Amino acid sequence: MTFTGRFVVLVALGVIPVVLLGGTIPRAFVVLGLWMLFVFLLGGLDLLLTASPRSVTFERTVPARVRLGETVMSQLAITNTGTRRLNALVRDAWQPSAGAGNNRTLVAIPPRERRLVTLPLTPFRRGERRTAHVTVRARGPLGLWNRQATLGAPGSIRVLPPFRSRKHLPSRIQRLKELDGRTSVMVRGPGTEFDSLREYVRGDDVRSIDWRATARRNDVMVRTWRPERDRRVVILIDTGRTSAARIDDEPRLDTAFEASLLLAALAEPAGDRVDVLAFDRRVRGRVQGAKGAALLARMVDAMALIEPELIETDWAAVPAQVRGITGQHALVVIITSIDAAGASTGLLSMLPQLTQRHTVVVASVTDPAALQASRERTTVEGVYRAAAAERALLDVARVSAAIRQLGGEVVTASPADLPPALADRYILLKATGRL
């Protein structure tokens with residue numbers, strides 16, 4: 001039971017009869033007591049005439065999935081199973097991160113009828129967003145007292161990574177098509193696979209002449225080549241403590257998801273097999289053996305529930321994890337943080353075990369605020385801030401140089417630029433036959 005503002009005003013109006021009829025203090029207390037008795041009798045009558053908030057049933061309809069930042073509609077069908085008209089304020093108790101906004105709705109439901117309450121949801125965090133209860137506050141005909149009950153009405157929606165970097169996908173696929181020779185003449189390149197034979201034309205590389213085919217056809221024939229296909233791409237996402245840092249108001253882990261989604265969406269149509277592993281000290285998520293549209297669907301489903309773990313990543317276990325995925329040569333993409341030499345010791349000590357067998361690319365997010373701070377030196381405070389930023393940039397450069405000396409490649413960029421930069425590096429490796 002709850003009181004309304006109307007009840008409080010009615011109690012306050014008791015001052016009037018007390019002033020008019022209460023000449024002495026004892027008489028004033030008697031008048032006040034009679035007034036409070038009258039008010040509470042009215043409140044009790046209002047409560048008796050109020051429909052029970054427990055005489056309702058709920059049916060919830062909510063989409064199973066939504067991308068982060070998109071808006072979907074949650075529908076709650078409320079049925080009044082009682083014999084009185086229900087005038088109520090309904091609060092659908094979604095988690096705050098579900099983005100329900102104003103989740104209180106006034107409804108008026110006659111007996112044995114149903115009303116539909118629609119609530120827009122705009123989640124601003126990944127993961128499983130849930131609601132467990134609905135609170136119904138029934139208002140009486142006099143508007144003095146309310147009857148309130150919190151009833152179970154569970155529901156959930158899975159918030160997937162937004163994949164904003166998909167806008168870069170068409171241009172990269174077009175570059176792959178040009179590389180593959182489907183929109184331009186195929187030429188010979190080192191480390192590529194044989195595709196077909198055709199007649200020699202002026203300008204062709206004489207090293208591509210197939211002399212056996214030339215002897216059979218009695219005409220000069222040359223081989224055409226295409227970028228290698230059916231290669232393995234293993235994406236390893238570091239979910240350790242460094243992935244929890246926020247760069248440009250976005251966790252490093254979310255940027256890693258964006259980059260891995262774009263790379264997978266690019267590599268799969270190019271004919272390569274993509275496997276994804278989220279790891280710190282144990283496997284947090286794994287996608288293996290998926291092809292076509294199922295690849296991205298399984299990736300976003302697995303990524304939706306992964307959160308950074310505030311523990312140090314066990315880099316010594318990474319080679320064994322990669323061997324468990326593939327035993328052949330592969331492109332291993334490690335998305336982690338390389339902004340501190342001390343924190344990268346484990347990565348650097350493990351890297352030779354991978355580079356001796358695989359092509360390794362280490363991708364890392366850089367903070368654009370550090371680059372901007374390094375240029376602002378107009379004040380004493382700005383000079384100190386610029387010195388700290390330069391120190392951080394030098395640490396990134398030192399770790400990057402160490403990775404290159406160990407045989408790996410490095411891609412560093414801001415959160416918005418890292419996914420396309422990683423995709424460009426994949427295209428470059430494919431063009432040069434290094435996959």
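The values are calculated or read from the model by the stated rules, or taken from the named source; none is laboratory data. Here the structure is a predicted model, which is why all the values come from computation and not from measurement. All Cβ positions, glycine included, derive from the backbone under ideal geometry; neighbour counts span all protein chains shown. Heavy atoms of the whole protein, side chains included, go into the accessibility calculation; ligands, DNA and RNA do not. Shrake-Rupley method; radii C 1.70, N 1.55, O 1.52, S 1.80 Å.
Here the chain is treated as a Stokes sphere of Kirkwood radius computed over C-alpha pairs; at 37 °C and 0.692 mPa s its diffusion coefficient rounds to 121 µm²/s.
For the stretch 299-412, what is one quarter of the convex hull surface built on the Cα atoms, given in nm²? One quarter of the hull surface, i.e. the mean projection, equals 8.7 nm².
Quick one: Kirkwood hydrodynamic radius for the stretch 88-144, alpha-carbon pairs, angstrom, one decimal?
The answer is 12.9 Å.
At a probe radius of 1.4 angstrom, the accessible area of the chain per residue rounds to 51 square angstrom. Restricting the calculation to Cα atoms, the stretch 11-126 shows an Rg/Rh of 1.27 when the hydrodynamic-style radius is the Kirkwood one. Note the angle between two axes, namely the Cα long axis of helix 293-304 and the longest principal axis of the Cα atoms of the chain, as a number of degrees from 0 to 90, rounded to the nearest 10. The answer is roughly 50 degrees. Computed over the stretch 258-365, the P(r) tail beyond 23 angstrom holds 27 percent of alpha carbon pairs. Which percent of the accessible heavy-atom area of the chain goes to carbon and sulfur, probe 1.4 angstrom? Of the solvent-accessible surface of the chain, carbon and sulfur hold 56 percent.
By how many degrees, between 0 and 90 and to the nearest 10, does the Cα long axis of helix 418-431 differ from the longest principal axis of the chain? It works out to around 20 degrees.
Here the sum of -39500 (n - 2.57) over DSSP H runs of 4 or more residues, divided by the residues of the chain, equals -11000 deg cm²/dmol at 222 nm, to the nearest 500.
Solvent exposure of residue 177, expressed as accessible area, is near 80 Å², computed with a probe of 1.4 Å over the protein chains only. The residues neighbouring residue 77, those whose beta-carbon lies less than 15 Å from its own, together hold a net charge of +1 under the Lys/Arg +1, Asp/Glu -1 convention.
Under the classification rounded if a/c is under 1.5, otherwise prolate if a/b is larger than b/c and oblate if not, where does the stretch 247-295 fall, given a ≥ b ≥ c as square roots of the Cα gyration tensor eigenvalues? In terms of gyration-tensor shape, oblate. Taking amide H as placed 1.01 Å from N in the peptide plane, residue 360 has its amide H under 5 Å from the amide H of 332, 409, each at least 5 places away in sequence or on another chain. Among residues other than residue 252 with Cβ under 9 Å from its Cβ, the summed charge is -2 (Lys and Arg +1, Asp and Glu -1). Give me the percent relative contact order of the stretch 37-182, please, defined on Cα pairs under 8 angstrom at least 6 residues apart. Taking the mean separation of contacting Cα pairs over the length of the stretch 37-182, I get 29 percent.
Note on residue 293 and residue 37: the model spin-label points, each 7 Å out from Cα along the C-beta direction, lie 7.5 nm apart.
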